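Worksheet for the structure shown next.
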């Protein structure tokens, strides 16, 4: 099955949400010049998402197979033990925001652009979840996700990004996301993973000890997999 691409994702910008994320008051006189950057960047922002519908035909204690591609993680296998259908995905803020010209000496403008990318990514993720809910009869409150390299890197090694990209197909050609030699993704505000329905919510953040992460969606619990709940 080929991947589905979502490239007409509506965006909205709320100053309050931006301030909460960046701790920058856009009405402050000291940032008015840099704030003009947002006005220029918003019209060209084009976030994108792509996903596949996959069924698990083979699973072991240390991994699962999706369309003949092996994903090795005992936590992933444990979380999917009651699941038959999953949704591998990639969501990105889009390459367009990387074309915004910023002076390398303008630290504030660079920080504000990074915040805009983060807000754009968050809205794209919610759009994907709502799309999956409407298309496949899922409940957005009962969706969980695992991400390669998130949390304890031994939980689902970041090197498995390569398998995820291979499963999804021409990722760079379809949504502009490129995988580097160190398995990071560009644009930098991009996330990938496997989304699945579950009765017990799980996100990789539960296994991550990094403090003050702007993308944290759950408190650290140290619980490995749904079975621990």
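The values are calculated or read from the model by the stated rules, or taken from the named source; none is laboratory data. Predicted model only: the values in this text are computed from it and were never measured. No Cβ is skipped: glycine too gets one built from the backbone with ideal geometry, and neighbour counts run over all protein chains shown.
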For residue 161, indicate whether it is over 30 Å from residue 15 (Cβ atoms) and at pLDDT 95 or above. yes
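Would it be correct to say that residue 139 is over 20 Å from residue 167 (Cα atoms), touching a residue at least 12 places away in the same chain (Cβ under 8 Å), surrounded by 14 or more Cβ atoms within 10 Å (Cβ to Cβ) and in contact with a helix residue (DSSP H, G or I) (Cβ under 9 Å, 6 or more places away or on another chain)?
On the way: over 20 Å from residue 167 (Cα atoms): yes; touching a residue at least 12 places away in the same chain (Cβ under 8 Å): yes; surrounded by 14 or more Cβ atoms within 10 Å (Cβ to Cβ): no; in contact with a helix residue (DSSP H, G or I) (Cβ under 9 Å, 6 or more places away or on another chain): yes.
The answer is no for residue 139.
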Could you list all residues from region 1-37 that are without any contact (Cβ under 8 Å) to a residue 40 or more places away in the chain, surrounded by fewer than 15 Cβ atoms within 10 Å (Cβ to Cβ) and part of a loop (DSSP other than H, G, I, E, B)? 8, 14, 23, 25, 27, 28
Return yes when residue 44 is farther than 20 Å from residue 197 by Cβ, more than 19 Å from the chain's Cα centre (by Cα) and in contact (Cβ under 8 Å) with a residue 24 or more places away in the chain and no when it is not. yes
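Tell me whether region 47-62 contains one or more residues that are more than 23 Å from residue 173 (Cα to Cα) and part of a helix (DSSP H, G or I). Full working, then the answer.
Quick first cut of region 47-62, residues more than 23 Å from residue 173 (Cα to Cα) only: 55-62.
With part of a helix (DSSP H, G or I) added as a condition, the list becomes none.
No, that holds for no residue.
Name the residue that is surrounded by the most Cβ atoms within 10 Å (Cβ to Cβ), counting only residues in region 94-136 that are assigned to a helix (DSSP H, G or I) and free of Cβ contacts under 8 Å to residues at least 24 places away in the same chain. Walk me through it before giving the result.
Quick first cut of region 94-136, residues assigned to a helix (DSSP H, G or I) only: 95-99, 107-136.
Subset that is free of Cβ contacts under 8 Å to residues at least 24 places away in the same chain: 107, 110, 122, 126, 130, 133-135.
Details: 107: 11, 110: 16, 122: 19, 126: 13, 130: 12, 133: 16, 134: 10, 135: 10.
Ranking the candidates gives 122 first.
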